[in-house]
Structure formats: structure tokens, C-alpha cells
Amino acid sequence: MSGYAASVASLVVTPDGQTLPSARVHALFTDVGFVPPPGMPLQDAFDLLLASARRQSQQQVLRCTPPRGRTAISCGREDVDKIMAEFGAQVVYMKPLGVEVKGVDTTGELNPRLVGALESLMADHGLVLFRKQGTPQREMGISGTYLTGEQQCQLSLAFGAGSLHSTHGNHAECPNRDIFRLSNNPEHGFNEVGPEWHNDGSFERNVFGYVVYHIIKAPEGPGHTAFAHLGKAYDALPPEQQQHLSRCASINSNGGVVHPLVHEHQISGRKSLYLHTGMTGSIIERVAEPKPGEKLSGIKAWNHAEMDKFFADFTELLDRSDI
């Protein structure tokens, strides 16, 4: 018997109002290799197949942004203020982390020397904020003043390696394959994403160097998106815990990749924590040197109680107002 419930009626209704006999629908499922969830009514299974086909078709036609390689010109901390002043940019330091940069138009191509100075600021302070960016748009039918999808992707390419990570999903209103669109309203973007403290890209072996968040419509009053400085979080730990965590690594429950809980930032050199509290399947710890020919010996896996306590402590730490 099939894995979906037989329809009481022998006909399935298509989006344009036509009807298809159930035998033809069964044959279609077989032809495309579609297996609906067990117990699903035939009409619902047909609708699910159409929705899946629409999503795949949309992802195929969405524009992808080709890489252009690194263009930013790195600089030392001692040169940041001079470079920012050269380009008419003002830096306002925020608490407990981040800087606001004024006088920079992100709709156009940024000078590589300016980008290098911005990278240095981000490395030291955690994030850079640009307010009131963009021009009047109606991309994907959404009215407002913001960057187009192409402009946001070009801005993203200015930093790091100059290549983008294609997201794992595209909403119907997404203007570009490389943009992950979020919203409190599911009609305008994916919602309920990442409610816990996490690092984006932890499911990748080569984690993201930079993430560009473009807020098209901010909530009225305080929002629920928060940022924390993981360098400050590491510094706030007692020395014995710093040493303990430096011997540990997390295993991502989605991609299975392993990342150290403590790492040195490639630009600032500052030691920082790295963890996705909602996508960690295991934490392993080096408790002894490996035996000859047994490179995995001397490794301990934390139990559930140890992991739960650490996640709770980690969350409490990042919730602090000074982090």
C-alpha cells in the first residue's frame, strides 16, 4: 500500500482548477521519485510536491553572486584613525561592543583601504554599524529605503576572501541566492531562526569570516536580536576555565564538523570563544596525550549533564550587559 492516504474522491485539483485522476497523480509521484509523508491525503501530497517544485525552480533562477577574490587592503591598528579620516568617516564607539561608522555610503563600491580599516575595527570591537543606508526601492514588491540584494552582496564581497556562502534556504521574497531572508512575518521571510546564542556558519568547516546583516524594517521598540563579544566573554572567565575550555572542541550536530571552543582571531590575535548552543551535538576534551598510533586516544566526550550546565553558564555569560 502507498505511504499516503487514499483520497475519498478519485480526482485531485490543480492550482488552475483542473482535475487529475488519482492514477495519474500516483504515476507522477513515481516518475519524479516523490514519496509523501505516511498518511498524508493525496491532495495534500500533490500540493506538497508542487510547493517543492516551485522552491527548486526559484532557487535555480535566483541570481548568484560570483566570487571576486580578496580586494581589501589590511592595515595595522595604528593606521585605522588616519584612514577613516582620509575617507571622511567618523567612528563612534558603542557599549558594550561595536562601533557606529558615519559618513560612509554602502550603496557604492568601498575603497579597499577603507575596507581594511573597517575589518580592523570589527576585529577589535566585534561589529560595525552603518545607519540609514540605501535608496528608495521596491524590490520584490517591498517598498522602503534599503540596499538592493545586489548591493548587499557587493558590500559583502568587499570583506574577507571576497566570496559568499550560498545560504541553505531562500524565501519567496529573497532577491538573491546568497541572501538568507528573515522576518517576524513568515510571508516576508523565515522566522524563529537562531533563538539561542550561536555563531553563524558553525556547520561549515571553513567558518564565516564576516556576516552582513541588513535590517530593512526594524521593530518598534527593542528587538530580540542580540550580539555579544566573544573575546570579552573569554576574558571574563577565570584562568582555570580558560585553560579547561582551550582543551575542548564542539562537534556540530548538523554538519559534523569540529571547532575548538577557544580560538585566536586571525586579525586581532585575541582569544575568543566559539560555540553554537543550538547546533552542538557533542563536546570533546583532550584529557591526555595520545598514545603512539592512537591519535584519538586521550579524548573524552562530555556527558549530557556537563553539556547542559556549560550551555546554561555560557548563555548566562553572554547575557551579561558588559559582554
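The values are calculated or read from the model by the stated rules, or taken from the named source; none is laboratory data. Every value quoted in this text rests on a predicted model; they were computed, and no experiment measured them. All Cβ positions, glycine included, derive from the backbone under ideal geometry; neighbour counts span all protein chains shown. For accessibility, only protein heavy atoms count, side chains too; no ligands or nucleic acids. Shrake-Rupley method; radii C 1.70, N 1.55, O 1.52, S 1.80 Å.
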Could you tell me whether Lys271 is more than 29 Å from Leu121 (Cα to Cα) and of a type outside the set (Val, Ile, Thr)? no
I'm told Val104 meets every condition in (1) surrounded by 12 or more Cβ atoms within 10 Å (Cβ to Cβ); (2) in a helix (DSSP H, G or I) except one. Can you identify the failing condition by its number? (2)
Members of region 145-204 that are touching a strand residue (DSSP E or B) at 6+ places or on another chain (Cβ under 7 Å), in contact (Cβ under 8 Å) with a residue 24 or more places away in the chain and not polar (S, T, N, Q): Tyr146, Phe203
Among residues of region 306-323, those that are farther than 21 Å from Gly281 by Cβ and either open to solvent by less than 30 Å² (accessible area, probe 1.4 Å) or part of a helix (DSSP H, G or I) (or both), counted: 3
Tell me which of these Ala218 doesn't satisfy, since it passes every other one: (1) modelled with pLDDT of 90 or more; (2) open to solvent by 60 Å² or more (accessible area, probe 1.4 Å). (1)
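Tell me whether region 286-293 contains one or more residues that are surrounded by 13 or more Cβ atoms within 10 Å (Cβ to Cβ) and either touching a residue at least 12 places away in the same chain (Cβ under 8 Å) or outside any strand (DSSP E or B) (or both). Spell out the reasoning first.
Here is the first cut: in region 286-293, the ones surrounded by 13 or more Cβ atoms within 10 Å (Cβ to Cβ) are 286.
Next, only the ones that are either touching a residue at least 12 places away in the same chain (Cβ under 8 Å) or outside any strand (DSSP E or B) (or both) stay: 286.
Yes - at least one qualifying residue is present in region 286-293.
Checking the condition open to solvent by less than 60 Å² (accessible area, probe 1.4 Å) and among the polar types (S, T, N, Q), which residue from Asn252, Asn303 passes?
The match here is Asn252.
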Out of all the residues in region 161-179, is one or more out of contact with any helix residue (DSSP H, G or I) (no Cβ under 7 Å at 6 or more places or on another chain), basic (Lys, Arg) and either open to solvent by 30 Å² or more (accessible area, probe 1.4 Å) or at pLDDT 90 or above (or both)? no
I'd like to know if region 233-241 contains one or more residues that are without any contact (Cβ under 8 Å) to a residue 40 or more places away in the chain and closer than 18 Å to Gly278 by Cβ. no
I'd like to check something: does region 237-246 contain any residue that is open to solvent by 60 Å² or more (accessible area, probe 1.4 Å), acidic (Asp, Glu) and not in a helix (DSSP H, G or I)? no
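Given the residues Pro38, Pro21, which is the only one that is modelled with pLDDT of 85 or more and either over 27 Å from Arg177 (Cα atoms) or in contact with a Lys or Arg (Cβ under 9 Å, 6 or more places away or on another chain) (or both)? Can you show your working first?
Numbers: Pro38 fails: modelled with pLDDT of 85 or more.
That would be Pro21, the only listed residue that is modelled with pLDDT of 85 or more and either over 27 Å from Arg177 (Cα atoms) or in contact with a Lys or Arg (Cβ under 9 Å, 6 or more places away or on another chain) (or both).
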Using the structure shown, decide if Ser272 is of a type outside the set (A, V, I, L, M) and in a strand (DSSP E or B). yes
Of the residues in region 2-18, how many are loosely packed, with under 11 Cβ neighbours inside 10 Å and either of a type in the set (Asp, Glu) or modelled with pLDDT of 80 or more (or both)? 4
Being farther than 30 Å from Glu173 by Cβ, surrounded by fewer than 16 Cβ atoms within 10 Å (Cβ to Cβ) and either in contact (Cβ under 8 Å) with a residue 60 or more places away in the chain or charged (D, E, K, R) (or both) is the filter here, so list the residues in region 72-101 that pass it. Ser74, Arg77, Glu78, Asp79, Asp81, Lys82, Glu86, Lys95, Pro96
Long-range neighbours under 6 Å by Cβ, at least six apart or interchain, first residue crowded, with 16+ Cβ neighbours inside 10 Å within region 38-49, second part of a helix (DSSP H, G or I) and hydrophobic (A, V, I, L, M, F, W, C): Phe46/Val25
Name the single residue that is surrounded by the most Cβ atoms within 10 Å (Cβ to Cβ) among those in region 122-151 being assigned to a helix (DSSP H, G or I) and modelled with pLDDT of 95 or more. Gln151
